[in-house]
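What follows is calculated from the coordinates using simple rules that are stated; it is not laboratory data. Because the structure is a prediction, the values reported are computed rather than measured. Every residue, glycine among them, receives a Cβ derived from its backbone with ideal geometry; neighbour counts consider all protein chains shown.
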Amino acid sequence: MNKIIKNILNAIEKKGYEAYLVGGYVRDLLVGKESFDIDICTNATPKELINIFPHASFKNLGGISFKIKEYNFEITTYREEIKYEKRHPVEYNYVNNLISDLNRRDFTINTICMNKRGEIIDLLKGIEDLNNLKIRMVGNLEKKLNEDPLRIMRAIRLATVLNFTIEDNLFQALKTHKETILTLSSTRLKEELDRILISSNVKYGLSLLNEIGILNLLAISYTSIIPVKNIEGMYAQINIGYKLPFTKVEKNNIKQVREILNSKEITALTVYKYGLYLSKLAGAIMNISQSTINKLYKNLPIKSLQDINITPEEIVKILNIEYSKTVSIVLSELEFFIISGKIKNKKNELIKYITNNKARWGV
């Protein structure tokens, strides 16, 4: 256990309270994954916690949060939840025992605790499910899924990322309750979908979404998927009818990557038009090496219109015309032929080409 984490647990225990690591950090540690989001549960109340960590911020639902170096800490008081509204508990009681707090959580593999000595406390058989590579819900399935429909997407996401199976009763319950995910905010829905798509195990995740019926629910379709570590690259490979909150930049990048994929090749013209970043992203999907694309970019004779070795003023003078759309047409044609290697970017060659082709532009 990292010394920073151990010191936080020590600080709570020195004041006479219990403190345990719980949830994703412990789960990931046991399966060999690195995590920097640290959840700690304790019988100390938020007011008592803020006295121990005065620079922390209060969190909703009884807890505090703070950051130390790369670690994000969230410390919450043991509680039992009584009533939910719109995914959030609006009535809850602080309690003084660990088991009550663990019973309010979602999946057994997220209830495994660890003390400051690195000893495991497993009250709900989370280790058994971890060893059996199984996602199992804590407590009553109907109640837990009705309380928070996001648990449907979380179950699929965890199964995808960890390459676990979903316990049969939970799997059937996910199918039964699938339509409740439409009550979620599009932002939260996208966050979980992003994590599924960005996983190297994405094909398994998509198969789960399909079997449960969520692909149809969100109008998601695709022909083939190549895992890449870029969410824009993943969305470029699927069609989705459900409206998700993409930024303008994301929408544009996804659209352009699709255009490259549809062209089925990456040439000098591709790299010039779409730039190095999007070309390399599409290249990763098309199994075209990054070095090949880097070489294409490096060997471009020009990187933009401004690099063409003739000015608009010179074009106007050669053609003996006023400034008009014709100048842009000429520059676009020169740009294409320079990138294609049909004309060198030398002033004398450019002048010669323009002079010999005046008739093309009605001059």
Please find, in a Gaussian network model of the chain (springs between Cα atoms separated by less than 10 Å), the residue of 237, 256, 306 whose mean-square fluctuation is greatest. 306
Under a plain spin-label model, where a point goes 7 Å from the Cα along Cα-to-Cβ, how far apart in nm are residue 186 and residue 336? 3.7 nm
For residue 220, which sequence-distant residues (separation of 5 or more, or a different chain) have an amide H within less than 5 Å of its own amide H, given hydrogens modelled in the peptide plane? 241
Nearest 20 debye, what's the magnitude of the dipole of region 104-256 about its Cα centre given +1 on Lys and Arg Cβ and -1 on Asp and Glu Cβ? 380 debye
Counted neighbours (other Cβ, 10 Å), sorted fewest up, put 177, 88, 55 in the order 55, 88, 177
Tell me which trypsin sites (Lys or Arg not before Pro) from region 236-312 have a DSSP coil assignment and no more than 11 other beta carbons within 10 Å of their own. 243, 264
Is it possible to state the helix-based mean residue ellipticity at 222 nm for the chain, with each DSSP H run of 4+ residues giving -39500 (n - 2.57), the sum divided by total residues, to the nearest 500 deg cm²/dmol? What is it? -14500 deg cm²/dmol
Under 23 Å between alpha carbons - lysine pairs in region 59-161 that sit 8 or more apart or on different chains: 17
Could you give the angle, 0 to 90 degrees to the nearest 10, between helix 325-340's Cα long axis and the longest principal axis of the Cα atoms of the chain? 70 degrees
Starting from region 1-110, pick out the trypsin sites (Lys or Arg not before Pro) whose DSSP state is loop and whose Cβ has at most 15 other Cβ atoms within 10 Å. 14, 15, 33, 69, 86, 87
Over region 249-363, relative contact order from alpha-carbon pairs under 8 Å, at least 6 apart, %: 23 percent
Straight-line reach from residue 264: which lysines have a Cα under 16 Å away, not including same-chain ones fewer than 8 places off? 255, 273, 280
Output the relative contact order of the chain, whole-number percent, from Cα pairs under 8 angstrom with separation of 6+ residues. 8 percent
Given H placed on each backbone N at 1.01 Å, which residues far from residue 107 in sequence or on other chains put an amide H within less than 5 Å of it? 138
Exposed loop sites here are GluC sites (Glu not before Pro) in DSSP loop states with at most 11 other C-beta atoms within 10 Å. What is the longest stretch of the chain lacking them? 120-264
Which of 286, 153 has the fewest other C-beta atoms within 10 Å, and how do the rest follow up to the most? 286, 153
Give a residue-ordered list of calculated ³J(HN,Hα) values for region 164-180 (Karplus: 6.51 cos²θ - 1.76 cosθ + 1.60, θ = phi - 60°; whole Hz; x for Gly, Pro). 9, 9, 9, 3, 3, 5, 5, 4, 5, 5, 4, 5, 5, 9, 3, 5, 5
Quick one: which residues, 5 or more positions from residue 135 or on another chain, have an amide H under 5 Å from its amide H? H modelled 1.01 Å from N in the peptide plane, none for Pro or chain starts. 165, 166, 167
Subtract the Cα-Cα distance of residue 307 and residue 323 from 0.36 nm times their separation in residues, and report this length gain in nm to one decimal. 3.8 nm
Just the number, please: percent antiparallel of the DSSP beta bridges in the chain, rounded to the nearest 5. 75 percent
Under 8 Å for C-alpha pairs, at least 6 residues apart: give me the relative contact order for region 305-361, rounded to a whole percent. 43 percent
For region 195-201, take each phi angle, set θ = phi - 60°, evaluate the Karplus expression 6.51 cos²θ - 1.76 cosθ + 1.60, and give the result in whole Hz per residue in order, putting x for glycine and proline. 5, 5, 5, 7, 6, 5, 9
For a quick check, take a GNM of the chain with Cα springs below 10 Å and name the residue from 72, 201, 146 with the largest mean-square fluctuation. 72
Eligible aspartates and glutamates near residue 248 by straight Cα distance, threshold 13 Å, same-chain separation 8 or greater: 232
Considering the chain as a Gaussian network with a 10 Å cut-off on Cα pairs, which listed residue, 208, 29, 197, attains the greatest mean-square fluctuation? 29
What distance in nm separates the simple spin-label points at residue 1 and residue 33, each placed 7 Å from Cα in the Cβ direction? 2.1 nm
